[in-house]
1. Does segment B:45-61 contain at least one residue that is under 24 Å from A:Asp82 (Cα atoms) and either charged (D, E, K, R) or in contact with a Lys or Arg (Cβ under 6 Å, 6 or more places away or on another chain) (or both)?
2. Tell me which of these A:Leu74 doesn't satisfy, since it passes every other one: (1) surrounded by 18 or more Cβ atoms within 10 Å (Cβ to Cβ); (2) away from chain B (no Cβ under 14 Å); (3) modelled with pLDDT of 95 or more.
3. Considering only segment A:1-45, state which residues are of a type in the set (D, E, K, R) and open to solvent by less than 10 Å² (accessible area, probe 1.4 Å).
4. Restricting to segment A:87-117, count the residues that are in contact (Cβ under 8 Å) with a residue 40 or more places away in the chain, open to solvent by 10 Å² or more (accessible area, probe 1.4 Å) and farther than 22 Å from A:His298 by Cβ.
5. So, in segment A:226-264, exactly how many residues are in contact (Cβ under 8 Å) with a residue 60 or more places away in the chain, more than 16 Å from A:Arg405 (Cα to Cα) and basic (Lys, Arg)?
6. Name the residues in segment A:28-57 that are under 24 Å from A:Gln300 (Cβ atoms) and among the small types (Gly, Ala, Ser), would you?
7. Looking at chain B, what helices (runs of 4 or more DSSP H) fall wholly within it and have at least 1 residues that are among the small types (Gly, Ala, Ser)?
8. What residue, of A:Leu221, A:Leu289, is in contact with a Phe, Trp or Tyr (Cβ under 8 Å, 6 or more places away or on another chain) and in the same structural domain as A:Ala455 (by TED's automatic domain parsing)?
Amino acid sequence: MYDTIIIGAGMSGLAAGIRLAYYDQKVCILERHTTIGGLNSFYRLNGRDYDVGLHAVTNFTPKGTKKGPLARLLRQLRFKWDDFSLSEQVESSIAFPGVNLKFSNEMDLLRSEIASCFPDQVDPFERLLGKIVEYDDLNQEIYEQSTREVLDEIFTEPLLVEMLLCPLMWYGNAREDDMDFGQFCIMFRSIFLEGFARPFKGVRLILKNLVRRFRSLGGELLLRKGVSQIKLDEGRAVGVVLDNGDEIEGRNILSSVGRVETDRLCLGSGASQVAKAGQLSFVETISILDRQPRDLGHEQTIVFYNDSNKFHWRRPVDEMCDVRTGVICSPNNFRYSPDDGDLADGVIRITALADYHRWGNLDEDDYRLAKIKWSDQVTAAAIKFMPDYRRFVIDSDMFTPNTIRRFTWHDNGAVYGAPEKILDGSTDWQNLYLCGTDQGYVGIVGSIMSGLTIANRYCLAP
Amino acid sequence: MTPGEIRTAVLDILEGIAQDDDLGQLDDSVAFREQLELDSMDFLDIVMELRKRYRVQIPEEDYPKLESMGSTVEYLTPLMADISA
């Protein structure tokens, strides 16, 4: 009998596990995949390490900052700021045809870029900042307001609205076309007011710290242990059944597998539930270069690009991928300490929208061919916004919606989960709570906060 | 435990929570919230750490008494008098 069973060894599950084990609970984390991390994981291919999710840790605040989610999660997990070894980004940009807005971890850069590209939108932008600072987390009604309606009231320049939405939707919007205003505020703070950073060793450093801490506190982490059913008794969750038929009992269950997916574990499969699942999935082509990206003139950390004045945030309907918009990330372009130096390889990662259903239905040969074809198309679209690096590629791989499904178990390989979030983590059953993506926080810092918040609220409150 | 020992015990808890802060300059009469910017989650942590380490139960209505180091030590002194350091 466990005090708490946690389904999923991603950031939120591990963080919740640390918190509970620290306060002497008997905790077990069950992970179906062969490795930890969920969306933010890593894999090894041809002797090289590849990150799956992480482009950058958002919510960066410098050492010594006491406010904000990063400082708060360090206190909650009893880590030092240095344990995450975060190095700040160099500079990023939002690139639309003919207009380029640069931004960094200093808000004044974006401010001055807006002043020079959209001089008559300076006051509206300040009004938006005021609204974002005021925004109160966790109020479900305000959270669900339409961001497009709010922005259309503030700004008179539609192009700026599209440009502001582009990075924030890319980094955390599960809804098609529009975005919950709450999610917009959270993402705006985490990206524009706080900022990007990355550990030199990538996401594995954060994961290793979390796992080591969890285990040292007596927590049990079981890999290759998928949960096939959550056992219910008179409206309360009492345990889980594993894929191999074993049963485990627990007083509380935290599920990070998603809202729809958790319902299905309770109720069994039913077609009606799948409709509520998220639709947005990605491909990402990862190229290893024979030189550092800056040696070919690419010094930006992340570029969010869009090839027209209108930003389309939808599952592709006619093709396997939509290459009109994308994200170019170079993990090399962070301000690593002189002791670390440069990453051994130059790396360019390009992300594009993809349709899970088309990718999921391919046989093995077609899947391999599709990866090659779309890797080429995604790259061809991206090099309109950065130097052509194709001659310098020495190795490459592509992850697809199938990969995301394998790591997250989200229906449709939905990167950011279901469009409707449950901010208080509650479910229809007692003792069963959601953490992770579908509780509403995204990103590495967000998902860790999600695990902490839900563990505190339901499993630790005295 | 004497008030001095209790202060050391609370300081140890705070050092665990706010690992990057230098608590050497902590002013016992100023609120933790102001000096260390602790939030409600952190206060809950102080309560839970006291329970975990010393089996001291603090009812929710008494949380405001943990406002500063001074008020915390004063509040805990009778509760922890019989605990050996």
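The values are calculated or read from the model by the stated rules, or taken from the named source; none is laboratory data. Computed from a predicted structure; not experimentally measured. Here Cβ is always computed from backbone atoms with ideal geometry, including for glycine, and neighbour counts include all displayed protein chains. Just so you know, the surface numbers come from the protein's heavy atoms only, side chains and all, with ligands and any DNA or RNA stripped out. Shrake-Rupley method; radii C 1.70, N 1.55, O 1.52, S 1.80 Å.
1. For segment B:45-61, residues under 24 Å from A:Asp82 (Cα atoms) and either charged (D, E, K, R) or in contact with a Lys or Arg (Cβ under 6 Å, 6 or more places away or on another chain) (or both): present.
2. (2)
3. Correct list: A:Arg19 only.
4. So the count comes out to 1.
5. The total comes to 2.
6. Within segment A:28-57, A:Gly53, A:Ala56 qualify.
7. Those helices (runs of 4 or more DSSP H) span B:3-17, B:40-54, B:69-80.
8. So the residue among A:Leu221, A:Leu289 that is in contact with a Phe, Trp or Tyr (Cβ under 8 Å, 6 or more places away or on another chain) and in the same structural domain as A:Ala455 (by TED's automatic domain parsing) is A:Leu221.
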